[in-house]
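Below you'll find the structure, written out as structure tokens, and then a few comments.
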Amino acid sequence: CPPRLPVWRQRVRGDLAAETRRESVGDRRRDESGAETPGAPPTMDLDGARAAVEQASTGLAHPAHRAQAEATLLEFRRSPHALPACRHILQTSSVMEACFQAAATLRDAALRDYAALPPEERAGLRQFCLGVVLGQTEGDANTRGGAGGGCPASSMPVVVSQLVSVLAVLIKRAWLDVDETKLDTGATRADYVAAASAAHAHRQSMLAEAERAVSQASNARGSDARVIGLNLFAAVITEFAPSTASAMQLPWDFHERCRVSLQNDFLQQFFQHAVGTARAAAETGRALEGLDGGVCVAALRLINAALAWDFQFTGQNPNGGGFGLSAAIPRGDVLRASDGVGADAVKIAPGVSWRDALLAPGSIDWVFELHALAAARALDTNGDAPGRAVRAVAHAARQTVSSLCALAGDVFPTKREDPSESSRLAHFARCAFSLNRALRPARQVIARATSGGGDAEEVMTDGARGIAALAAIHAPGDFYQSPSSYAALNPTVSSDVSAADGVNAALASTLGELTVCLLEAGALRSENDGGSLDETLRMCIEAWGALAERSLAGQQRDDAFRSNVGGAGGHDAVKARPAHSPPPAFPGQAETSAACASVFEAYLRFGLAAAAAAAHEEDDGQEEEGKAGAAALDERLALAASVARAAPDETLPLLRAAMEAKKNELGVFLSNGRNGQNRARADPAELLEQLWWLARVVPHVLCDAFEGEFPLPPDAVAECARRAAINDPGGSCPVTETGVAFLNLVGLCLDENAVRSGFVSPRLVEQLIWGAARWTDTYLMPEDVGGSAHAALFGGAVPTLAAVGLGGDAEGR
């Protein structure tokens, strides 16, 4: 225990105050004479500062002394001459807490005083940090017990990690010390070229300095030094990224110029260095045996850091990242399947310059092979050291595969450059093989995840994330072909597809199996809200929605292209098509519609079951969270609605049948209650909860959220109504019948007997009114009644009452 508070306070704060005064006196004498006067007091009592910081750092663990310890450490951090004390503490102190505080203070003090430091002192700080993390800085003989060796801080992992971050900050702060933009007026082109070369050489020298130090240290420390070097480069990438950059009290232009410089000149070098290191460790087999000292894992993390970079201004096609289709119709020979429309999906679009590094034959195939081997071994390992090493490799490789699934944009050749899209399809096949291995059989994957063993949850969620990324980027038709069908396009794609059952299955089949099994496992039940099952199901539904959206957008794009381009695929084909006949289907559109219909049928069935189970819980789930909970629920139901709209001819009748069945069941309850039959045992709680859930789902399917926009029917729903009117004039329409069924539910609010008997709760009435208002704003009383948008959506005519769900009979009205 530390000494009593008064003594401790006086000693620590007194020492620091005295050291600061002596330091100031020494500085004044040095400034007046130009050099230190012989016999002048030292600039700081370094041993006293170390003792004070050590005592304050350990005092943080004692609640009674925490406030004073914090005050002392803050005073030390604000000291104008803390740099020499930090270096002394890191060299001599064996107290881990003190060394950590010294590393943090070194970072703050270096940034604060950087402009006043001479160039040699700036370089000296970087070299000092390198020496400590690599164990090349000599410590005090007393702290080493009289033996030779590095300073104590070199053997403290938390301190080494902090110093690696500090070194990355120092490298970034020095990045523009040689500034190619600061030239005098009248500079020539040759002057600019020379300045740019000097700036590049300066930056390259800092990185080469670190690489040389790592190479020298690896002779003594082996893999430990190599791991530190790889971690340093990953920390540099993190520090230069805008979203994770440290505050330096500098204008944003400084950070932006650093970002552009690293991205254009060094990022790919980091990636190539990491690929070579990880591949060498993987091919020798030492990584999976746990004999490489963690080098492979560190290199994979560096690869992931490089791929996580927020690439900007790298593609010639502004839509190359898949963020939307251009308003103008692009030329058909430059389109690529990865020009997608999913705005919410995370995409990695490094650009053309990365094409060889990522897509050249043999460049990244080893990552997929390593992931397959490590994942298989991780299932059979225990908690010993080799088992932990295999799990670490499997985790890092899985993260790399997830990043590779998100590749998009100009990194893939255009159709003009590669008419058969062999490069893109070969990459898709590699990702599909890997995801099939990870997610099949789906029931076993989910069982391992729910049992909480190892990384099973992350395996499931990362696999679903990879499929969602592919769905937002690649052509829907690719999901319905076996990966082996693309293997012939690239000889590096593995042809060993019989090693495990289902590895060669179409990726849509894997996605469908996983989605249904998640629903069976209770992903919609309230106890799984926010858990791994819920999160994985959300990503699966997102994937189905992306496939549906892309197939519809692709159909519209093809129609527009045929209408604007003459020849065999243009006006001639349009003129030859019979009136009212559907256009040729976009590849994968029919399969996506059928799959979405099956998925939504399962979603509806298990959603009703989950709603019934929730009736016996004390809380109301997300409703208790207020507006945030309601917004989260609406977001999930909107995703499910996008799946339902992919096949409205099949899904709308399912909704209508469910509403009618539940309304009839409620009628039976009311009838039995009026007749006095089983009144005591009648409990409509489950039924009311199911009706509430349906009253929330149906408006999401039939109506879009119209925040700030005209409330128009969704395109797919409007097209379904138009198609029904053309195919069977005057006949039944799924949109009309579903609207009628929903209005019949709303009519429960006006049933005095139902309300008076208590079988219709205020909560259900509130939900029905919410849905009726949304439906009315969209179909009955929109702000743009009879406008051109409505006319276009409903086939060129102002919608009638029957067309919008108000049938001609009395019940509909």
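The values are calculated or read from the model by the stated rules, or taken from the named source; none is laboratory data. These figures come from a predicted structure and were not determined experimentally. Here the Cβ is made from the backbone with ideal geometry for all residues, glycine too, and neighbour counts use every protein chain on show. The protein model used for the area step is the full one, side chains on, heavy atoms only, and it has no ligands, DNA or RNA in it. Shrake-Rupley method; radii C 1.70, N 1.55, O 1.52, S 1.80 Å.
Are any of the residues in region 237-259 in contact (Cβ under 8 Å) with a residue 12 or more places away in the chain, closer than 27 Å to Arg388 by Cα, in a helix (DSSP H, G or I) and open to solvent by 50 Å² or more (accessible area, probe 1.4 Å)?
Within region 237-259, one or more residues are in contact (Cβ under 8 Å) with a residue 12 or more places away in the chain, closer than 27 Å to Arg388 by Cα, in a helix (DSSP H, G or I) and open to solvent by 50 Å² or more (accessible area, probe 1.4 Å).
Go through the residues of region 162-177 one by one and say whether even a single one is within 25 Å of Leu134 (Cα to Cα) and of a type in the set (Lys, Arg).
Looking through region 162-177, at least one residue is within 25 Å of Leu134 (Cα to Cα) and of a type in the set (Lys, Arg).
For region 717-806, list the helices (runs of 4 or more DSSP H) that sit wholly inside it and hold at least 1 residues that are modelled with pLDDT of 60 or more and open to solvent by 30 Å² or more (accessible area, probe 1.4 Å); which are they? Give the steps one after another, and end with the answer.
Details: elements: 734-746, 752-757, 762-775, 788-793.
Per the criteria, 734-746, 752-757, 762-775.
Would you please name the residue that is farthest from Gln690 (Cα to Cα), looking only at residues in region 734-774 that are in contact (Cβ under 8 Å) with a residue 24 or more places away in the chain and among the basic types (Lys, Arg)?
Among those that are in contact (Cβ under 8 Å) with a residue 24 or more places away in the chain and among the basic types (Lys, Arg), it is Arg774.
Could you tell me whether region 273-285 includes any residue that is open to solvent by less than 40 Å² (accessible area, probe 1.4 Å), over 28 Å from Leu111 (Cβ atoms) and of a type in the set (Asp, Glu)?
Checking region 273-285: not a single residue is open to solvent by less than 40 Å² (accessible area, probe 1.4 Å), over 28 Å from Leu111 (Cβ atoms) and of a type in the set (Asp, Glu).
Find all pairs meeting these conditions: Cβ atoms under 8 angstrom apart; at least six residues apart or on different chains; first residue within region 186-206 and under 13 Å from Trp175 (Cβ atoms); second residue open to solvent by 60 Å² or more (accessible area, probe 1.4 Å) and not in a helix (DSSP H, G or I).
His202/Asp177
Just give me the residues in region 436-464 being within 20 Å of the chain's Cα centre (by Cα), open to solvent by 10 Å² or more (accessible area, probe 1.4 Å) and of a type outside the set (D, E, K, R), in sequence order.
Ala438, Ala456, Val459, Thr461 - these are the residues of region 436-464 that are within 20 Å of the chain's Cα centre (by Cα), open to solvent by 10 Å² or more (accessible area, probe 1.4 Å) and of a type outside the set (D, E, K, R).
Could you figure out which of (1) part of a helix (DSSP H, G or I); (2) over 16 Å from Ala110 (Cα atoms); (3) more than 39 Å from the chain's Cα centre (by Cα) isn't true of His88?
With (1) part of a helix (DSSP H, G or I); (2) over 16 Å from Ala110 (Cα atoms); (3) more than 39 Å from the chain's Cα centre (by Cα) applied to His88, the lone miss is (2).
Please verify whether Pro711 is open to solvent by less than 30 Å² (accessible area, probe 1.4 Å), in a loop (DSSP other than H, G, I, E, B) and modelled with pLDDT under 90, treating the condition exactly as stated.
Numbers: open to solvent by less than 30 Å² (accessible area, probe 1.4 Å): yes; in a loop (DSSP other than H, G, I, E, B): yes; modelled with pLDDT under 90: yes.
It is true that Pro711 is open to solvent by less than 30 Å² (accessible area, probe 1.4 Å), in a loop (DSSP other than H, G, I, E, B) and modelled with pLDDT under 90.
In region 388-443, what count of residues is obtained for those that are charged (D, E, K, R) and outside any loop (DSSP other than H, G, I, E, B)?
Residues of region 388-443 that are charged (D, E, K, R), as a first pass: 388, 391, 398, 410, 415-418, 421, 424, 430, 437, 440, 443.
Right, trim to outside any loop (DSSP other than H, G, I, E, B) and you get 388, 391, 398, 410, 424, 430, 437, 443.
Residues that pass the stated criteria total 8.
I'd like to verify a number: residues in region 54-69 that are without any contact (Cβ under 8 Å) to a residue 12 or more places away in the chain and open to solvent by less than 30 Å² (accessible area, probe 1.4 Å), how many?
The qualifying residues number 0.
It is to be established whether one or more residues within region 333-348 are surrounded by 16 or more Cβ atoms within 10 Å (Cβ to Cβ) and modelled with pLDDT of 90 or more.
The answer is yes, given that some residue of region 333-348 is surrounded by 16 or more Cβ atoms within 10 Å (Cβ to Cβ) and modelled with pLDDT of 90 or more.
Show the residue pairs meeting these rules: Cβ distance below 7 Å; 6+ apart or different chains; first residue within region 91-110 and open to solvent by 40 Å² or more (accessible area, probe 1.4 Å); second residue part of a helix (DSSP H, G or I) and among the small types (Gly, Ala, Ser).
Final answer for the pair search is Glu97/Ser57.
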